[in-house]
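The values are calculated or read from the model by the stated rules, or taken from the named source; none is laboratory data. Here the structure is a predicted model, which means the values were calculated and not measured. No Cβ is skipped: glycine too gets one built from the backbone with ideal geometry, and neighbour counts run over all protein chains shown. We work out accessible area using only protein heavy atoms, side chains counted, and drop any ligands, DNA or RNA first. Shrake-Rupley method; radii C 1.70, N 1.55, O 1.52, S 1.80 Å.
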Amino acid sequence: MGVSRPVTPAVLAVDAGNSKTDVALIAADGSVLGTGRAGGFQPPLTGIEPALDVVGRAVAEAVEAAGLPGPRPGAPYAGRVSACLANADLPVEEQRLADAIRARGWGAATEVRNDTFAILRAGVNEPRGVAVVCGAGINCVGMLPDGRTARFPALGKVSGDWGGGSGLAAEALWWAARAEDGRGGPTELAAALPGHFGLASMYGLIEALHLGALEQRRTHELVPVLFAVAAAGDPVAAAIVARQADEVVALAAVALARLDLLGEEAPVLLGGSVLTAQHPRLNGRIEELLAERAPYARVEVVSAPPVLGAGLLGLDALGSPPAAHGKLRAHFG
């Protein structure tokens, strides 16, 4: 009997976020041959090549799991790299990252998209709809089967954005600080935010953050505190949550309009840690407001892993049959 040879992957799917990177090698029939995971993808902090080294570790793990040979000159791992990457916020950044990935020789062809497209594609059966992601930051994209897309720069205040986990925490701190020193009205946030860290006052929390006794990155822990205070009826916290809902709906409605989807049924997918937590005050208001601005929109929370979306986008580009898409989706549950 001859020795069976490994199946050649059709797609190398990459979902690289700020906190983790997931990779999947996918056969033409939608079978997953191997997966890998590595750390966060942060080219603004590390530079492009060190960031891609992190992706490379996940790729190597997937290659080993698939039983494929190691790197060989002129022998790519897959026919196509479908990479959905955090911090690829502008088309020019997508192009630069695609060029850098292409130079690594991982695939015969390479396409890079912002990672929000992976969340959108993971949540729909065809590349049609809009997704709003609210995690550390906030972003929105939309797409149609004919290739048209809607997107925003999503670079923070400079591009008109408001909210996301980091923004919500900063807003809560601002209101709490002013409540304690008298410049603003009262809010339970003034006690709840420092209390989360075992501190007695906002002054103590401000001092700890300023002097480095408490790392700035830990302020993301205050987002659930904000929602808890809002749920208890605090008007200041409730107003912050309401504004976040307004921003999500504004992004979704504009993206739907750009794609001429306001007048027909279309999915609006919600992703990212702030929205997938499904806080009733936030998600309920989003549904209410969106029903007014886009009455045909169908709101859903995406629970599927984004690497599925990257893989489906790769199969889309190859013109794979529906059975392959279904097999891939079934693998990720």
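When Q216, Q244 are checked against the criterion of being open to solvent by 60 Å² or more (accessible area, probe 1.4 Å) and either of a type in the set (S, T, N, Q) or in contact with a Pro (Cβ under 6 Å, 6 or more places away or on another chain) (or both), Q216 stands alone in meeting it.
Quick grid of which residues meet (1) touching a strand residue (DSSP E or B) at 6+ places or on another chain (Cβ under 7 Å); (2) closer than 17 Å to I101 by Cβ:
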site: S19; (1), (2): no, no
site: D22; (1), (2): yes, yes
site: A27; (1), (2): yes, no
site: L33; (1), (2): yes, no
site: G36; (1), (2): yes, yes
site: Q42; (1), (2): no, yes
site: E49; (1), (2): no, yes
site: L52; (1), (2): no, yes
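Considering only the stretch 80-89, I want to know if a residue exists there that is among the aliphatic types (A, V, I, L, M) and surrounded by fewer than 24 Cβ atoms within 10 Å (Cβ to Cβ).
Taking the stretch 80-89 and keeping what is among the aliphatic types (A, V, I, L, M), we get 81, 83, 85-86, 88.
In the following step, the residues that additionally are surrounded by fewer than 24 Cβ atoms within 10 Å (Cβ to Cβ) were identified as none.
Scanning the stretch 80-89 turns up no residue that is among the aliphatic types (A, V, I, L, M) and surrounded by fewer than 24 Cβ atoms within 10 Å (Cβ to Cβ).
Can you confirm whether the stretch 238-258 contains a residue that is aliphatic (A, V, I, L, M), more than 30 Å from A118 (Cα to Cα) and out of contact with any Gly (no Cβ under 8 Å at 6 or more places or on another chain)? Checked the stretch 238-258: at least one residue is aliphatic (A, V, I, L, M), more than 30 Å from A118 (Cα to Cα) and out of contact with any Gly (no Cβ under 8 Å at 6 or more places or on another chain). Candidates in the stretch 181-194 are the residues that are farther than 12 Å from V229 by Cα and of a type outside the set (D, E); of these, the one that is surrounded by the most Cβ atoms within 10 Å (Cβ to Cβ) is P194.
Which residue pairs have Cβ atoms under 8 Å apart, sit 6 or more places apart or on different chains, and have a first residue in the stretch 26-55 that is among the charged types (D, E, K, R) and a second that is in a strand (DSSP E or B)? Going by the 8 Å Cβ cut-off, the qualifying pairs are R37/T21; R37/D22; R37/V23.
Taking each residue of the stretch 158-170 that is closer than 17 Å to D246 by Cα and looking for partners that are of a type in the set (D, E, K, R) with beta-carbon atoms closer than 6 Å, six or more apart or interchain, yields W162/E247; G163/E247. Give me the pairs: first residue in the stretch 137-153 and over 13 Å from L90 (Cβ atoms), second residue acidic (D, E), beta-carbon distance under 6 Å, and six or more apart or on different chains, which are they? If the second residue must be acidic (D, E), the pairs left are I138/D161; P145/E126. Among the residues of the stretch 24-45, are any under 18 Å from L308 (Cα atoms), charged (D, E, K, R) and touching a Gly at 6+ places or on another chain (Cβ under 7 Å)? No, because not a single residue in the stretch 24-45 is under 18 Å from L308 (Cα atoms), charged (D, E, K, R) and touching a Gly at 6+ places or on another chain (Cβ under 7 Å). If a residue must be open to solvent by less than 30 Å² (accessible area, probe 1.4 Å) and under 17 Å from A136 (Cβ atoms), how many such residues does the stretch 23-58 contain? The qualifying residues number 4. For L155, the criteria (1) open to solvent by 50 Å² or more (accessible area, probe 1.4 Å); (2) modelled with pLDDT of 95 or more hold in every case but one, which is (2). Scanning the stretch 195-213 for residues that are under 23 Å from A232 (Cβ atoms) and either under 32 Å from the mean Cα position of the chain (by Cα) or open to solvent by 40 Å² or more (accessible area, probe 1.4 Å) (or both) gives G195, H196, F197, G198, L199, A200, M202, L205.
Report yes if V299 is under 24 Å from R151 (Cα atoms) and open to solvent by less than 20 Å² (accessible area, probe 1.4 Å), otherwise no. Please lay out each step first, then the result.
Working: under 24 Å from R151 (Cα atoms): yes; open to solvent by less than 20 Å² (accessible area, probe 1.4 Å): no.
Spelling it out, it is not the case that V299 is under 24 Å from R151 (Cα atoms) and open to solvent by less than 20 Å² (accessible area, probe 1.4 Å).
Only one of the listed residues (E111, E93) is more than 19 Å from D316 (Cβ to Cβ), modelled with pLDDT of 95 or more and charged (D, E, K, R). That residue is E93.
Are any of the residues in the stretch 268-275 modelled with pLDDT under 95 and in a helix (DSSP H, G or I)? Yes - at least one qualifying residue is present in the stretch 268-275. For the stretch 219-236, filtered to residues that are of a type in the set (G, A, S) and closer than 14 Å to V274 by Cβ, the residue that is surrounded by the fewest Cβ atoms within 10 Å (Cβ to Cβ) is A228. Residues in the stretch 247-263 that are closer than 15 Å to G129 by Cβ and open to solvent by 20 Å² or more (accessible area, probe 1.4 Å): L251, V254, A257, R258, D260, L262, G263. Take the conditions (1) over 29 Å from the mean Cα position of the chain (by Cα); (2) at pLDDT below 95; A191 misses just one of them, which is (2). Listed by position, the helices (runs of 4 or more DSSP H) enclosed by the stretch 96-198 that each have at least 1 residues that are under 17 Å from L259 (Cα atoms) are 116-122.
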